[in-house]
Structures are given as structure tokens and as C-alpha cells.
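Peer 1: Here it is: the structure, laid out below.
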Amino acid sequence: MSGFSINRVTLVARLTRDPELRALPSGTSVCSLRVACNGVRRDADGDYSERPNYFDVSVYGAAADSVSRYTRKGSRVAIDGRLEWREWETDQQKRQAVSIVADTVQFLDSPGTGTSDEDGEGEEGSELVGAGIGAGDGDLAF
């Protein structure tokens, strides 16, 4: 058996709901995202149509705080990360899911587009256009 494998995911998508920030028992922040990106498919008649693909994404540490603060439902983001498979049992039924653990999240919209602050007002004039974060450092990158 080979010890070499590649587990990388890169996608550009929109948030389908506001990010959900919580803390693990260890105190580490985790932000849960649900994103959608469209795929184009050809139907039996030869016509092309877009069909959304939905993905669950987790962001950890200081990066989770930044993603929670600067993105909202509708925000466009570029995500680079890895796939993670998990299984659990509920009501004596085995369940399983594959989700994305983000290493990097790049903010593709200006803060006034698809985002709002607590008052519902966008942060116009902010210089975060194209800003993003990496899970390892949590700093905003321009």
C-alpha cells in the first residue's frame, strides 16, 4: 500500500446562510459554513443547465473569527482545504458525511456586497476587497 495520497479541494462559492461561530470545549473557535457552487450539466435534449452543488465547510482558530465577522449569506468566497469523512450513529442508524476543512478562505466580495454589520449597514469604504485569511495565521491578507 502506498503512503502517498492527495486530499485537496479548491472552489469558489457563495454562502447559502450566515456563518455560525461556536467554540469547542478546548476554547478553539470553529465557524461552520454552507456554500453552493454551480455546475453545468447537459440534459437529454442537449441543453445546458446550471445545477447547484452544496458543501459544508469548517474553519478553525482565528480564521474562524475573521470569516464570521466579514462574511454573510450571499458572500462569495474562494476556499482551499481538504475533505474530511466522518460517521456517527443516530437512532440506531449509521450516518456518514464528507465535508471540507478550510485551510484558506479568500473573501471575493467587498464588505458592502452580501455582507452587513449589526445595524444592517454595509461597511462601505473598507479596504478589505479581496481580503482573505489562512487557518494557520488568522491574519487578513491583501
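Peer 1: Looking at 46, 74, which one is in contact (Cβ under 8 Å) with a residue 60 or more places away in the chain, on the phi > 0 side of the Ramachandran plot and out of contact with any helix residue (DSSP H, G or I) (no Cβ under 9 Å at 6 or more places or on another chain)?
Peer 2: Numbers: 46 fails: in contact (Cβ under 8 Å) with a residue 60 or more places away in the chain.
Exactly one residue qualifies, and that residue is 74.
Peer 1: When residues of the range 1-35 are filtered for being touching a residue at least 24 places away in the same chain (Cβ under 8 Å) and at positive phi, how many remain?
Peer 2: The qualifying residues number 0.
Peer 1: Only one of 137, 109 is at pLDDT below 95, in contact with a helix residue (DSSP H, G or I) (Cβ under 8 Å, 6 or more places away or on another chain) and assigned to a loop (DSSP other than H, G, I, E, B). Can you tell me which? Write out each step before concluding.
Peer 2: Numbers: 109 fails: in contact with a helix residue (DSSP H, G or I) (Cβ under 8 Å, 6 or more places away or on another chain).
137 is the lone residue from the list that is at pLDDT below 95, in contact with a helix residue (DSSP H, G or I) (Cβ under 8 Å, 6 or more places away or on another chain) and assigned to a loop (DSSP other than H, G, I, E, B).
Peer 1: Let me ask you something else. Can you name the strands (runs of 3 or more DSSP E) wholly within the range 1-79 that have at least 2 residues being crowded, with 16+ Cβ neighbours inside 10 Å and under 13 Å from the mean Cα position of the chain (by Cα)?
Peer 2: Details: elements: 9-15, 20-23, 29-42, 48-60.
Per the criteria, 9-15, 29-42, 48-60.
Residue-wise test of (1) in contact with an Asp or Glu (Cβ under 7 Å, 6 or more places away or on another chain); (2) more than 25 Å from residue 7 (Cβ to Cβ); (3) not acidic (Asp, Glu).
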residue	(1), (2), (3)
24	no, no, yes
34	yes, no, yes
48	no, yes, yes
52	no, no, yes
59	no, no, yes
70	no, yes, yes
95	yes, no, yes
105	no, no, yes
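Peer 1: Next question, about the same structure. Against the definition (among the polar types (S, T, N, Q), out of contact with any His (no Cβ under 6 Å at 6 or more places or on another chain) and under 14 Å from residue 79 (Cα atoms)), how does residue 10 come out, yes or no?
Peer 2: Numbers: among the polar types (S, T, N, Q): yes; out of contact with any His (no Cβ under 6 Å at 6 or more places or on another chain): yes; under 14 Å from residue 79 (Cα atoms): yes.
Spelling it out, residue 10 is indeed among the polar types (S, T, N, Q), out of contact with any His (no Cβ under 6 Å at 6 or more places or on another chain) and under 14 Å from residue 79 (Cα atoms).
The values are calculated or read from the model by the stated rules, or taken from the named source; none is laboratory data. As the structure is a computational prediction, the values presented were derived from the model and not from experiment. With ideal geometry, Cβ positions are generated from the backbone for all residues, glycine too; neighbour counts draw on all protein chains shown.
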